[in-house]
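The values are calculated or read from the model by the stated rules, or taken from the named source; none is laboratory data. Everything numeric here is computed off the predicted structure, so don't read it as measured data. Cβ placement follows ideal geometry from the backbone for every residue including glycine, while neighbour counts extend to all protein chains displayed. Ligands, DNA and RNA are stripped out before the accessible areas are found, and what is left, the full protein with its side chains, is counted by its heavy atoms. Shrake-Rupley method; radii C 1.70, N 1.55, O 1.52, S 1.80 Å.
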Number of protein chains: 2
Amino acid sequence: MEKRRGRSSQGVTIREVAARAGVSPMTVSRVINNENNVTPATSAAVMAAIQELKYTPNPAARRLAGSETFRIGLLYSNPSVAFLSEFLLGALDESSKTGHQLVVEKCGATAATEKAALQKLLQSGVDGIVLPPPLCEAKSILADIAKSGVAAVAVAAGQPGPDVATVRIDNYKAAHRMTQHLLSLGHRAIGFIKGHPNQTVSDQRLHGFLDALSEAGLDPRAAPIEQGYFNYRSGLAAADKLLALEPRPTAIFAANDDMAAAVLATAHRLGLNVPVDLSIAGFDDTLIAGTIWPALTTVRQPIAAMGRAAVSMLLDEMKRRRGGGGGTPAQQLLRHTLVERESTAAPSKP
Amino acid sequence: MEKRRGRSSQGVTIREVAARAGVSPMTVSRVINNENNVTPATSAAVMAAIQELKYTPNPAARRLAGSETFRIGLLYSNPSVAFLSEFLLGALDESSKTGHQLVVEKCGATAATEKAALQKLLQSGVDGIVLPPPLCEAKSILADIAKSGVAAVAVAAGQPGPDVATVRIDNYKAAHRMTQHLLSLGHRAIGFIKGHPNQTVSDQRLHGFLDALSEAGLDPRAAPIEQGYFNYRSGLAAADKLLALEPRPTAIFAANDDMAAAVLATAHRLGLNVPVDLSIAGFDDTLIAGTIWPALTTVRQPIAAMGRAAVSMLLDEMKRRRGGGGGTPAQQLLRHTLVERESTAAPSKP
DNA sequence: GCGGCCCTTGTTAACGCTAACATTAGAGGC
DNA sequence: GCCTCTAATGTTAGCGTTAACAAGGGCCGC
């Protein structure tokens, strides 16, 4: 048995193919890569050799030798941990699959630390940056990125700037759909808790809600609406106000799950039976939605898919820029799902 | 600005790390691969350089250079999502840092789907498996793994088998400490909600609680204890029973956060003021603990660190086995913390 | 018929990492 | 005090591929 000179027992290499075809390895490489400066005759000979030896190029070596290895930065502050991990899963999967490097950087909540973390990332030589929420809406971050000239993709942002690619769901449509769901159950008095005013999605969700009401022939100006800030505590306050109204709404749609959970807690405190006396709908399908009881009807974003899409789009975007950069960054809209659980039902007294 | 000599704009390379740490690239390589012939001081310096530069080994280069790249499977059914996400973060971090591949597989709740998912993972050629709870206690899974001969590490399991490595905290001590905390606030009538009987940690937490009572001179047999199953709903039922007692406990310690959140909801429903009328303590410090209001006093496991440790131990274990396999799998105990938030205080009428 | 040009093919040097071997420094025996 | 032995670190070379440049050869125009 012939012992290999090298360390590893790889399969057929490009050199063996080259030897067999009577050309240089480089020519084989050109054939493999469909470059056009090869004589048909040479090409045929190489092809034959490849067939005979059952040669397959070693992907690791290709990646290493090729220049197209990008370095992708992912900067996050403090989104929901659940969101982040699922997102990361998708992003890592995609980047490892395509053989690119993903560098994850965490930053604090203040504008200064955000800026610092971004600079650190930029200095470490990333070619593109993925921005999950809420950073995707931070103006100063987006401005710094635009200035630096690296590619960026904003995830789950509402209204992206013109310089960045985006992956998101259609928040308007999702809220619209959820409202339709409540309407179809027979609810007419539906309260709404708005999201944080500094995030664009808040507006989109609100408008989806309002438009669905209009379309159903209801007056959106009559709908009880309270301001919330995407956290549990603001949900408690908003729920207190909404549930004190006369007549009391038969359903409440909160712009995210944390606030919906707060509505549920408040309803229980008031002795209301959910969903019999009150239906509650959330948005995001975070952990809490399935934990509490009754479990929340909510809207689910395909988070892992968004992570994959973000990386994939960023790669495209970086290639586009490297290639001269005609056109504009891509926008991608992923499909959301309405998750119907136990917190919604037909109103008891229609 | 210095222009790179090479063709591509790769990220940080092993050479840069080596330069920064003042050693040769080979030494860095040894550190990354956890080889044992490196001085702790050198290793620490290299680690620091890795951290600072955010270095991740290039997997393509590794494969090409002939090192073995392990494939690690992570099989999860449905632990708390929050636990999983943070755990995943740590596991991903560690595996990407050491340049190994992490394959995550989800399975359903039935024994059959668990078995199927495990088989799928094994067939995809993983060299080792990480088992977060509750799978780490599933006998049939552990048996199948033992039969297949791949390495495994059980996370947060109570009593591990002899064939698997484990990472966990001292549940007994943590529950003991939390009980002491409640006692020191002046509580004497403390209710307890047990965890799922099929998980060893439930017992450990219960005993920590009981022993702390005894040591304080209280009769543990007099303590009001209800069975729970680690989910919100079982917490609701248990809380109903505990809060109907006469005299009512002034504090309730639930064996996990989900059940503690249910106690909080029930207390609110009954018009009790938390923490004035009732103190509530949880366990795990999952996302829900900080989300609800008042936020829960609870025990925090260093979950991300456990993820990192699990992967790192698994790598050691796989090398150990490949190297002939003398000795036994490692056991690692990580440190927990008592997180004091707003749900506990001194009882109002002592 | 000869210089310039393009078109094809070859050569060289990486890409980032690690196996195998080489070297150094320190410990310990006699 | 010298020599061996071992543990820690460094050096060299090459994994399989391709970018960048070099070289050869045919064709054209004048």
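Some points to look at:
- Per-pair calculated FRET efficiency, R0 = 30 Å: B:ALA65 and B:GLU105 via Cβ, rounded to 0.05: 0.55
- Once the Cα-Cα distance is subtracted from the 0.36 nm per residue extended length, the A:ASP316 to A:ASP240 segment shows a gain of 22.5 nm.
- Pairwise label distance in nanometres, A:GLU52 with A:ASP219, each label 7 Å out on the Cα-Cβ vector: 8.8
- Along region B:105-120 the Karplus relation, 6.51 cos²θ - 1.76 cosθ + 1.60 evaluated at θ = phi - 60°, assigns HN-Hα couplings of 10, 9, 9, x, 8, 7, 4, 5, 5, 4, 4, 4, 5, 5, 4, 4 Hz to successive residues, with x for each Gly and Pro.
- Counting only other chain Cβ atoms within 10 Å of each residue's Cβ, the peptide A:86-97 averages 3.
- Net dipole in debye of chain B [+1 Lys, Arg Cβ; -1 Asp, Glu Cβ; about Cα centre; nearest 20]: 1180
- Backbone N under 20 Å from the A:ASN231 label point (7 Å along Cα→Cβ), restricted to region A:255-290: A:255-266, A:283-289
- Legend: residue pairs A:LYS139/B:LYS97; B:LYS120/B:LYS319; A:LYS173/A:LYS194, Cα-Cα distance threshold 21 Å; pairs beyond threshold, A:LYS139/B:LYS97; B:LYS120/B:LYS319.
- When you work out D = kT/(6 pi eta Rh) for region B:14-65 at 37 °C and 0.692 mPa s, using the Kirkwood radius from C-alpha pairs as Rh and the Stokes-Einstein form, the result is 301 µm²/s.
- Relative contact order of region A:267-321, defined on C-alpha pairs under 8 angstrom at six or more residues apart (%): 23
- Charge dipole magnitude, Cβ of K and R +1, D and E -1 - the protein assembly as shown, Cα centre, debye nearest 20: 2280
- The protein assembly as shown - percent of accessible surface contributed by carbon and sulfur, probe 1.4 Å: 52
- Across the copies of the chain, B:ASN36 has label points (7 Å from Cα along Cα→Cβ) spaced 6.0 nm apart, shortest distance listed first.
- Scanning residues 5 or more positions from B:ALA152 or on other chains, those with amide H under 5 Å from its amide H are B:ILE129, B:ALA165, with H placed 1.01 Å from N in the peptide plane.
- Between the beta carbons of A:ASN198 and A:GLN123, assuming R0 = 25 Å, the FRET efficiency works out to 0.30 to the nearest 0.05.
- Put simply, when B:188-197, A:22-31 are sorted by average Cβ atoms within 10 angstrom per residue, most first, you get B:188-197, A:22-31.
- Amide hydrogen neighbours beyond the local backbone of B:PHE192, cut-off 5 Å, H modeled: B:ILE225, B:GLU226, B:PHE253
- A:ALA19 versus B:ASP163: modelled label distance in nm, points set 7 Å from Cα along the beta carbon direction: 4.6
- Residues of region B:277-311 whose accessible area (probe 1.4 Å, heavy atoms of protein chains only) drops by at least 20 Å² once all protein chains are present, relative to their chain alone: B:LEU287, B:ILE288, B:THR291, B:ILE292, B:TRP293.
- Within the listed set A:LEU218, A:LEU64, A:LEU75, the Gaussian network model of chain A (springs between alpha-carbon atoms below 10 Å) gives the highest mean-square fluctuation for A:LEU64.
- Estimated buried accessible area (total), pair B and A, 1.4 Å, Å² to nearest 100: 3300
- Prolate/oblate/rounded label for the protein assembly as shown (Cα gyration tensor, a/c 1.5): oblate
- For region B:228-250, residues shielded by at least 40 square angstrom of accessible area compared with the chain on its own, probe 1.4 Å: B:TYR232, B:ARG233
- The Cα-based radius of gyration and maximum Cα-Cα distance (Dmax) for region A:171-301 are 12.9, 35 Å.
- Extension gain from B:ARG188 to B:THR39, taking 0.36 nm per residue of separation minus the Cα-Cα distance: 48.4 nm
- In the context of the full set of protein chains, residues of chain A present 46 Å² of accessible surface per residue (probe radius 1.4 Å, heavy atoms only).
- Label point 7 Å beyond Cα along the C-beta direction, distances from B:GLN101 to other copies (nm, shortest first): 2.0
- Candidates B:THR250, B:THR113, B:THR166: whichever shows maximal mean-square fluctuation once chain B is modelled as a Gaussian network with Cα springs under 10 Å: B:THR113
- Charge-dipole axis of the protein assembly as shown as Lys and Arg at +1 and Asp and Glu at -1 on Cβ define it, positive-most pick from A:LEU121, A:VAL17, A:HIS196: A:VAL17
- What the phi angles of region B:271-288 give under the Karplus curve with 6.51, -1.76 and 1.60, with θ = phi - 60°, is a coupling list of x, 7, 8, 9, x, 4, 8, 8, 9, 10, 10, x, 7, 2, 6, 7, 3, 4 Hz, glycine and proline written as x.
- Calculated FRET efficiency for the pair B:LYS115/B:ALA146, C-beta based, R₀ 22 Å, to 0.05: 0.95
- Sequence-distant residues sharing a close amide H with B:VAL103 (under 5 Å, placed H): B:ILE72, B:GLY73, B:LEU74
- Per principal axis, descending, Cα span of chain B in whole Å: 77, 51, 33
- Calculated label separations, B:LYS139, copies of the chain, 7 Å along the beta-carbon direction, nm: 6.4
- A simple rule links phi to the HN-Hα coupling: the Karplus curve 6.51 cos²θ - 1.76 cosθ + 1.60 with θ = phi - 60°, which for region A:188-193 gives 10, 9, 10, x, 10, 10 Hz, with x for Gly and Pro.
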